[in-house]
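Peer 1: Below you'll find the structure I mean.
The values are calculated or read from the model by the stated rules, or taken from the named source; none is laboratory data. This is a predicted model, so every value here is computed, not measured. Reconstructed Cβ throughout: ideal geometry from the backbone, glycine too, with neighbour counts over all protein chains shown. What goes into the accessible areas is simple: the full protein's heavy atoms, side chains included, and nothing from ligands, DNA or RNA. Shrake-Rupley method; radii C 1.70, N 1.55, O 1.52, S 1.80 Å.
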Amino acid sequence: MKRRLLSDASQGDLFAEVRQDGLDAFAAARLDDQTRRRQARSVRAAPLVPDEAEMARRLEASGDYRVLRRLEPRPVRPLPVPRAASTRIGIVLDTETTGLDHGRDEIIELGMLAFTYDETGIGEVVGVFSELRCPSLPISAEITRITGITAEMVAGRTIDPEAVRRFVEPADLVIAHNARFDRPFCERFAPGFEAKPWACSVAEVDWTGLGFEGTKLGYLVGQSGYFHNGHRAVDDCHALLEVLAQPARAAAEPPFRQLLASAARARLRLFAIASPFHTKDVLKARGYRWNDGSDGRPKCWWREIAEEAREEETEFLRREIYRADVDLHVQRLTACERYKA
């Protein structure tokens, strides 16, 4: 009996060991399974870090997407002092103002980039000027909506005209995207602008011939493959510089070379003085603009043309407008006189 009990006890111990081994194996398998599930969840939760440049390339290559890249400002590399005599300096300029009337409204922000250039294109940025200014009258809600500039941003801020003059002094060319607007504001605000050659990147670049769908800076930036913060003057300067530095499209000259060539040529301003009233629509369709005489120039329709177009335009006025062999009032303009108020 004792032997049987011992046998039974030993057998019980044996079954206990088997059961324990089974439980241990089951627990281990379950633990392994839980570990695998946690690892799988971890892999699913952790996003893959893609090669962004490769993703952009593949999206563009599909033909179904256009990818815009953030426009990164060029680094500033100050010129050595004294600078080389052969180094030419350009300035890209943008103003934000309280309105459209340069005789009444005021600059509230001035942004400028100084850069080197030659006939082959744009070199390096060598200086940045960016300042806000509190105007004498409150900034309207509409101007804040357009510019993003609030009364709080300009409170207590000023722009030193002498600092502006020093920044502009070495420039061989001043460029604005609508120089007819910016130049009068700048000349009224600070000395140094009145004797500089100016170029307009709206009027003096054939953007349509370069394949762009408009002349607004936002269109040009987007169609060049970039996006940028368009609410600040200096950001627009950085954007315009990159757009001008774009290579040529199709058979057209690159934009900056077009701008340089145009600035080097004189222009003629023709005044259709005493033109018959009924011809105003013909003149307007031809590109003439009305001047009310308040700026000291003749009160009449006028137009700027290239010097080589003088004979053709004279013939048009005599044949279609005056119907007589009249003497025309013509003013010759270099880049130093263009876009003045």
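Peer 1: Can you tell me which of Phe227, Phe271 is in contact with a strand residue (DSSP E or B) (Cβ under 9 Å, 6 or more places away or on another chain) and either crowded, with 19+ Cβ neighbours inside 10 Å or modelled with pLDDT of 95 or more (or both)?
Peer 2: Just a single option satisfies the conditions, and that option is Phe271.
Peer 1: Continuing with the same structure: Considering each of Leu241, Leu270, Leu259, Leu220 in turn, give the residue that is touching a residue at least 12 places away in the same chain (Cβ under 8 Å) and more than 23 Å from Val125 (Cβ to Cβ).
Peer 2: Leu270
Peer 1: Are there any pairs with C-beta distances below 7 angstrom linking a residue in the stretch 275-303 that is under 18 Å from Glu320 (Cβ atoms) to a residue that is open to solvent by 90 Å² or more (accessible area, probe 1.4 Å) and of a type in the set (Lys, Arg), with the two at least 6 apart or on different chains, and if so which?
Peer 2: Short answer, once both residue conditions are applied: Trp301/Arg289; Trp302/Arg289; Arg303/Arg289.
Peer 1: Specify the residue that is nearest to Ala114 (Cα to Cα); the eligible residues are those in the stretch 152-171 that are among the small types (Gly, Ala, Ser) and surrounded by 12 or more Cβ atoms within 10 Å (Cβ to Cβ).
Peer 2: Among residues in the stretch 152-171 that are among the small types (Gly, Ala, Ser) and surrounded by 12 or more Cβ atoms within 10 Å (Cβ to Cβ), the one nearest to Ala114 (Cα to Cα) is Ala171.
Peer 1: When the residues of the stretch 196-211 are filtered to those that are within 17 Å of Gly90 (Cα to Cα) and over 17 Å from the mean Cα position of the chain (by Cα), which remaining residue is least open to solvent (accessible area, probe 1.4 Å)?
Peer 2: Trp198
Peer 1: Could you check the stretch 172-189 and list, in sequence order, the residues that are surrounded by fewer than 21 Cβ atoms within 10 Å (Cβ to Cβ) and of a type in the set (A, V, I, L, M)?
Peer 2: Leu173
Peer 1: Here's something else I'd like to know. Name every residue in the stretch 92-106 that is outside any strand (DSSP E or B) and either closer than 12 Å to Cys186 by Cα or open to solvent by less than 50 Å² (accessible area, probe 1.4 Å) (or both), in order of residue number.
Peer 2: Thr98, Gly99, His102, Gly103, Asp105, Glu106
Peer 1: Can you tell me which residue in the stretch 74-129 is nearest to the chain's Cα centre (by Cα), limited to those that are small (Gly, Ala, Ser) and under 21 Å from Ala163 (Cβ atoms)?
Peer 2: My answer is Gly111.
Peer 1: So how many residues does the stretch 82-96 have that are closer than 17 Å to Lys196 by Cβ and at pLDDT 95 or above?
Peer 2: The qualifying residues number 8.
Peer 1: Hey, another quick one. Any idea which residue in the stretch 285-298 is farthest from the chain's Cα centre (by Cα), counting only those that are more than 19 Å from His102 (Cβ to Cβ) and surrounded by 13 or more Cβ atoms within 10 Å (Cβ to Cβ)?
Peer 2: Pro298
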